[in-house]
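Data block below; observations after.
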Amino acid sequence: MAETKNTQKKKISFSAFAAILAVMALAIAIVLNLLASRLDVVWDMTPSKMYELSDTTRNYLKELDAQGKKVDLYFLLDMDTLSTDIPSMALYHALEEYSEYDCINLIDFDPDSDPELTAKLQENGYTLNKGDMVFSCEGRTKHVRGLGMYQSEYSTDENGNTVQEAAYFRGENVISGAIDAVVSGRDTVIYFLTGHGEKVLEKDYTTLRRNLSDRNYRTDELNLALSDSVPENAAIVVLAAPQSDLSNDELRKLNEYLDEGGNVCFWMSPNEAAVQYTNIESVLRDFALGMDYDKVAETDSSLHINGDPYTFRCSVVQAESEELDLTSGVADFIDAGIIPFMSSTRSFYRNLSVQEAGITTASLLQTRSSGTDALGNATATAVGEAYGGTDPKAEDIEGEVLDLAMVSTSTMRNNAKIMVMGNAEFIDDSNVSQDYMIIPVNLMLSTISWMYDSDLDMDMGIAAKESTYDSFVLNSENAANTTNIVFTAVPFGVALIGLIVWLRRRYS
């Protein structure tokens, strides 16, 4: 009898102990869950550590803390809103971790709810959208577009549908690079040459300056005749509608810049004066390009604006190689039915006398083809009317497709890049917003990015982090039902069996 009572006591004690352990486990789980929720604790189990800053960034931020640096990071979106957007979790947790360092003052706000702060930030010349960021340190600012936080790779399936193959979070590299840029004072400058009767940056290109500022380029003027060389911070040098040629000394300085892998844009509007651009042509010749002294007119009235044969439809040229694929950036505009135009432009050509290896040229814009001749060469109704220059015997260029914009790069000169455009007015304040100039303007912006990507100037060497997910494919309804049983019914069955065993032991 005593043995039976002892056995019952043991069972009661065991049951009580098991119940206490269960309650304690449940209590601990609840407390941990509440703490994790309150403290926003994240266990990053992703292969690429999507939700953690890299050691590179952490060490850099620690250095800034030690130096007493302060960076205001204005984020044009409420963090609470961002926290509910699942695809943006990597950005959300990155910003949260940045804000833990003394050097970073994260200021998140809804631009619609705080128009005064938005207007203040726009005083820097930025066009701001929700999700953008503005970094400020010691009077220096940098704008980063929210769309630049992620990048995707796409492919086309057998049905012609566009499929996303991979998605990457590159925000840490961009944000850390922007912080370093405003702390160090590094600038990415596009210089517009002066001294040759060019168009004036502050008078003619205010909209362009704002667009370039949005892309983290600063713009400035440069009189090369008064400078020892092209400044080291020059990303691109632009010559916009010069009325006279470069001097020999300026040519030397420009060539030295190109030898170091520089980038130069020649926007060569037609000039009726008897001017020979000998030194400019020598630069183009080194890149297998040539320039015509003409003004292109379209003789087919259906292809030009009524009464103006010098403003006409043109064609965007498909790239012959991925290296010079600059026109794909305007494909969406063409698909939307926007027709490219050019106005008051001269023409260019490939200089076939230059056969040096390492030079690659491509056309961006051409006059429209009207068919082919007996030899299979493309023909056109546009004419390059002789215009300006010093050749008294110059003749019109007829019957052939004319190049209106071209690019060239040379591996022999550290991948220096040249761009020529037959008009400098297409992107000035009078024309940049015109519907018929949408494609040339965006093609020019794509070319600037090709020449010098401003994001690379903020590169901290932090690899983009791929969004990876474990997945499996169910090929039939039976497979789906089996999966449901494995992941739903089986755990429930195990729990039920455990409950029955416990009850049997409890009341046995």
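The values are calculated or read from the model by the stated rules, or taken from the named source; none is laboratory data. Fair warning: this is a prediction, and the values are worked out from it, not measured in the lab. Here Cβ is always computed from backbone atoms with ideal geometry, including for glycine, and neighbour counts include all displayed protein chains.
For this structure, a couple of remarks:
- Selection status of Thr81, part of a loop (DSSP other than H, G, I, E, B) and of a type in the set (Val, Ile, Thr): no
- Evaluation of Ala319 against (1) outside any loop (DSSP other than H, G, I, E, B); (2) among the small types (Gly, Ala, Ser); (3) touching a residue at least 40 places away in the same chain (Cβ under 8 Å) (one fails), failing number: (1)
- Within the range 148-259, helices (runs of 4 or more DSSP H) holding 3 or more residues that are surrounded by 16 or more Cβ atoms within 10 Å (Cβ to Cβ) and at pLDDT 95 or above: 248-259
- The range 322-342 - residue that is assigned to a loop (DSSP other than H, G, I, E, B) and without any contact (Cβ under 8 Å) to a residue 12 or more places away in the chain and, of those, surrounded by the most Cβ atoms within 10 Å (Cβ to Cβ): Asp325
- Subset of the range 356-377 that is in contact (Cβ under 8 Å) with a residue 60 or more places away in the chain and of a type in the set (A, V, I, L, M) - its residue that is surrounded by the fewest Cβ atoms within 10 Å (Cβ to Cβ): Ile359
- Qualifying residue in the range 105-123 (condition: at pLDDT below 85, surrounded by fewer than 18 Cβ atoms within 10 Å (Cβ to Cβ) and not assigned by TED's automatic domain parsing to the domain that holds Asn211): yes
- Candidates Ala405, Ala380, filtered to the one that is free of Cβ contacts under 8 Å to residues at least 24 places away in the same chain, in contact with a Gly (Cβ under 8 Å, 6 or more places away or on another chain) and crowded, with 21+ Cβ neighbours inside 10 Å: Ala380
- Conditions (1) surrounded by fewer than 21 Cβ atoms within 10 Å (Cβ to Cβ); (2) touching a residue at least 24 places away in the same chain (Cβ under 8 Å): number failed by Cys265: (1)
- All positions within the range 100-150 that are in contact with a His (Cβ under 6 Å, 6 or more places away or on another chain) and over 22 Å from Leu61 (Cα atoms): Tyr126
- Among (1) closer than 27 Å to Ser213 by Cα; (2) in contact (Cβ under 8 Å) with a residue 40 or more places away in the chain; (3) not acidic (Asp, Glu), the one test that Ser244 misses: (1)
- Selection status of Ser347, small (Gly, Ala, Ser) and buried (at least 20 other Cβ atoms within 10 Å of the Cβ): yes
- Every listed requirement among (1) in a helix (DSSP H, G or I); (2) modelled with pLDDT under 65; (3) within 23 Å of the chain's Cα centre (by Cα) is met by Ala489 save one, (3).
- Just one of the listed residues (Gly358, Gly422, Gly371, Gly388) is within 21 Å of Tyr205 (Cα to Cα) and more than 25 Å from the chain's Cα centre (by Cα), and it is Gly422.
- Of the residues making up the range 84-113, those that are in contact with a Phe, Trp or Tyr (Cβ under 9 Å, 6 or more places away or on another chain), part of a helix (DSSP H, G or I) and among the hydrophobic types (A, V, I, L, M, F, W, C) are Met89, Ala90, Leu91, Ala94, Leu95.
- Pick from the range 368-389, criterion in a loop (DSSP other than H, G, I, E, B) and not aliphatic (A, V, I, L, M), ranking: farthest from Asp259 (Cα to Cα): Asp373
- For the range 300-313, a residue qualifies if it is surrounded by 16 or more Cβ atoms within 10 Å (Cβ to Cβ) and either among the hydroxyl-bearing types (Ser, Thr, Tyr) or assigned by TED's automatic domain parsing to the domain that holds Asp428 (or both), and the qualifying residues are Tyr310, Thr311.
- Within the range 343-367, if we keep just the residues that are assigned to a loop (DSSP other than H, G, I, E, B) and modelled with pLDDT of 95 or more, the residue that is farthest from Gln434 (Cα to Cα) turns out to be Ser347.
- Taken as a whole, the condition of being of a type in the set (A, V, I, L, M) and closer than 27 Å to Val275 by Cβ does not apply to Met412.
- From Arg140, Arg145, Arg170, Arg210, residue being basic (Lys, Arg) and outside the structural domain of Leu76 (by TED's automatic domain parsing): Arg210
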